[in-house]
Amino acid sequence: MSSGALPVIVVGGGITGLSAAWELQQRGAPYVLLEASDRLGGKVQTEHTDDGFLVEHAADAFILGKPYAAQLAREVGLEPDIIHPREDTKRLYFLKGGQLIDFPQNMKMFVPLDDEAFLRSGVLSPEGARRFLDEVNVPAKPTTDEDESLAAFITRRFGEAALNFIVPLAAGIYVANPFELSMKAAFPQFLALEQKYGSVILGSRATVRAPGPVFASFQGGMAALAQAIADRLTGEVRLNTRVQQVQSDGVLLEDGQHLRGSGVIVTTPAGSAAPMFEQHFGRAAGLIGALKANGSVAVVLAYRADQFPGDMQLHGLQVDASEGIHLKAVTVHSAKLHGRAPEGHVLLRVFFKDLDPGFALEEAQREVQRLFGAQGEPLWHLCADWRGKNPAYQVGHLEHLQQIRASLPANIQVAGASYTGVGLPDCVNAGRGAAQAAAGQLSVV
Ligand SMILES: Cc1cc2nc3c(=O)[nH]c(=O)nc-3n(C[C@H](O)[C@H](O)[C@H](O)COP(=O)(O)OP(=O)(O)OC[C@H]3O[C@@H](n4cnc5c(N)ncnc54)[C@H](O)[C@@H]3O)c2cc1C
């Protein structure tokens, strides 16, 4: 198939772009992968410090319920390196009213499988918890094409008080405004449970989860996936190559070079994709540019274990949405996954929404001292600044996406976290799906 065919041009070397290139390779389709920076992996960034810590700047694990990332990991020979969050330290706190409460046992995401344990836990007031559990009696909304926000969905099914509990758990990965976040784009599974079982709680309880871990990572950190794919790509991969314009027959690079291709798959975030379309696909540029992004900052703090009065053998904490503080969540990375910190040390990731990184650092240290009793300064710190980098998926997102697709010719595609799911499995699936479509349309010189 490849001889004489123009390559498919893949713009962006994050997980979506790497997955697209991998899929094209599997199909014997020629490709060129263009990455603006000097490294592959995009937001997947793992750092190994000189003093023996493994630091994740963004993703630290991926969900197994959507099989695409695990499948790709197997294809690139990473199966032996797959690890899972530790069961022996699987303890989570919920910060509410300034108190650290044990997260209720036996939950499936935010859905309690044990009513009594949920009522006892104190994560909601007694009235709030009873209303929450009464979700089983709330009639399903008639099927409609209309989208709704996460906040509207939670309020109508679980009661308003439930917002403060569910939002940090459900919307965390989107760092989203729950009043803007699209149910249809972000949580179609809950809408499906409502329609099929008449209740999210009843549906969650009726659908038995496959036994085994829910999340996975890699011994060498998440960047191992990007590296393993990259190591196995035999096609052309160009780093330090910024695409300036997408054209109907290829792309224009920043250095003025024109590259011809049979198709183009743009996998960069919407904010950097929109300008590429301005010159030749104005309508698409406007629609892509209208996609909103939220921001987050992750502060990473390293300590000696003896700086804490307790043993810090827990996965972390989530913060009630009404707490009125900047802090959103803490992951005790050293306890959540093996191999993230040297023996006798604690590695924390402290999450905030849009916040000046300097201020976030001060806040992180203050909160770690207040909540966990940390003594003294951290050994070192770093800030992963993701302001403006988290896709927002506003209500109506799927219809908007249809319009974007309709505004582009079939050989020009957009794919990745800005469009069909921010988690790594969704990015892998999006990249591979776009590649399959592109491989089917290869044109010959
Ligand atoms: C703080 C944080 C925590 C997260 N945690 C998790 C998690 O635990 N689990 C999970 O599954 N997901 C997580 N995610 C989401 C996930 O990491 C991302 O959605 C995913 O990595 C995005 O991949 P992508 O390839 O679509 O885009 P990106 O990773 O953004 O890659 C796009 C690439 O395009 C390149 N590029 C940009 N402009 C151009 C241009 N003009 N020309 C050429 N190249 C260009 C960029 O340099 C970049 O390499 C997290 C995200 C963040 C920010």
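The values are calculated or read from the model by the stated rules, or taken from the named source; none is laboratory data. Worth saying up front: this structure is predicted, and the values here are computed from it rather than measured. Neighbour counts are summed over all protein chains in view; Cβ atoms, including those assigned to glycine, are modelled from backbone coordinates with ideal geometry. Side chains are part of the model used for accessible areas, which takes the heavy atoms of the whole protein and leaves out ligands, DNA and RNA. Shrake-Rupley method; radii C 1.70, N 1.55, O 1.52, S 1.80 Å.
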- Task: Please determine, in degrees from 0 to 90 and to the nearest 10, the orientation of helix 15-26 with respect to the longest principal axis defined by the Cα atoms of the chain, where the helix direction is its Cα long axis.
- Result: 50 degrees
- Task: May I ask you to rank 320, 354 by accessible area, largest first, using a 1.4 Å probe over the protein chains only?
- Result: 354, 320
- Task: Measure off 7 Å from each Cα along the Cα-to-Cβ vector at residue 369 and residue 304, then give the distance between these two points in nanometres to one decimal.
- Result: 1.8 nm
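As a test of reading the structure, rank 381, 48, 345 by solvent-accessible area (1.4 Å probe, protein chains only), most first.
Working: 381 95, 48 120, 345 60 Å².
Reading off the accessible areas and sorting them downward yields 48, 381, 345.
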- the chain: most fluctuating residue of 428, 200, 350 per GNM, C-alpha cutoff 10 Å: 200
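Quick check: convex hull over the Cα atoms of the stretch 36-76, volume per residue in Å³, rounded to an integer?
Hull volume normalised by residue count: 119 Å³.
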- Could you name the aspartates and glutamates whose alpha carbon sits less than 17 Å from that of residue 353, not counting residues in the same chain fewer than 8 places away? 180, 320, 323, 362, 363, 367, 385
- Size of the stretch 119-250 along its principal axes in angstrom, Cα-based, largest extent first? 59, 40, 26
- State the antiparallel share, in %, of DSSP beta bridges confined to the chain, rounding to the nearest 5. 70 percent
- Note on the structure: Shape descriptor, the stretch 24-167: equivalent ellipsoid semi-axes (Cα gyration tensor, sqrt 5λ, whole Å, largest first) stand at 39, 24, 16
- Message: Over the Cα atoms of the stretch 261-346, what radius of gyration and what Dmax do you get, in Å?
- Response: 21.3, 61
- Item | Karplus 3J(HN,Hα) series, Hz, for the stretch 47-56 with 6.51 cos²θ - 1.76 cosθ + 1.60 (x for Gly, Pro) | 10, 9, 7, 4, 8, x, 8, 10, 10, 9
- Item | Long-range HN-HN contacts of residue 412 with modeled amide H, under 5 Å | 264
- Query: Of the GluC sites (Glu not before Pro) in the stretch 84-189, which ones lie in a loop per DSSP and count no more than 13 other C-beta atoms within 10 Å?
  - Reply: 87, 146
- Item | On Cα atoms only, tilt of 188-197 relative to the major axis of the chain in degrees | 60 degrees
- Could you tell me the accessible area of residue 363 in Å² (1.4 Å probe, neighbours in place), rounded to the nearest ten? 20 Å²
- Message: Using a Gaussian network model on the chain with a 10 Å cutoff between Cα atoms, which of 338, 397, 280 fluctuates the most?
- Response: 280
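Leaving ligands and nucleic acids out of the surface, order 231, 249, 50, 60 by accessible area at 1.4 Å, largest first.
Putting 231, 249, 50, 60 in descending order of accessible area: 50, 231, 249, 60.
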- Task: Quick one: dipole size for the chain, taken about the Cα centre, charges +1 on Lys/Arg Cβ and -1 on Asp/Glu Cβ, in debye to the nearest 20.
- Result: 820 debye
- Would you mind checking 141/389; 141/292; 108/184; 292/328; 43/184; 66/328 for any pair whose Cα atoms are more than 31 angstrom apart? 141/389
- Item | Directionally averaged projected area (convex hull, Cα atoms, the stretch 104-146), nm² | 3.9 nm²
- Dividing the helical contributions, -39500 (n - 2.57) per DSSP H run of n ≥ 4, by the residues of the chain yields a 222 nm value, nearest 500 deg cm²/dmol, of -9000 deg cm²/dmol
- Taking Cα atoms, how many degrees apart are the long axis of helix 397-406 and the longest axis of the chain, rounded to 10 and kept between 0 and 90? 0 degrees
- Message: Can you compute the charge dipole magnitude of the stretch 293-391 about its Cα centre, using +1 on each Lys and Arg Cβ and -1 on each Asp and Glu Cβ, nothing else charged? Give it in debye, rounded to the nearest 20.
- Response: 280 debye
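Accessible area of the chain with a 1.4 Å probe: how many percent of it is carbon plus sulfur? Please list the in-between numbers first.
Working: 9550 of 18930 Å².
For the chain, the apolar C and S fraction of the accessible surface comes to 50 percent.
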- Rg to Rh for the chain: what is it, with Cα atoms only and Rh by Kirkwood? 0.98
- Note on the structure: Probe 1.4 Å, all chains present, heavy atoms only: residue 262 accessible area in Å², nearest 10, is 10 Å²
- Take every Cα-Cα pair in the stretch 293-391 and report what % of them are more than 18 Å apart. 43 percent
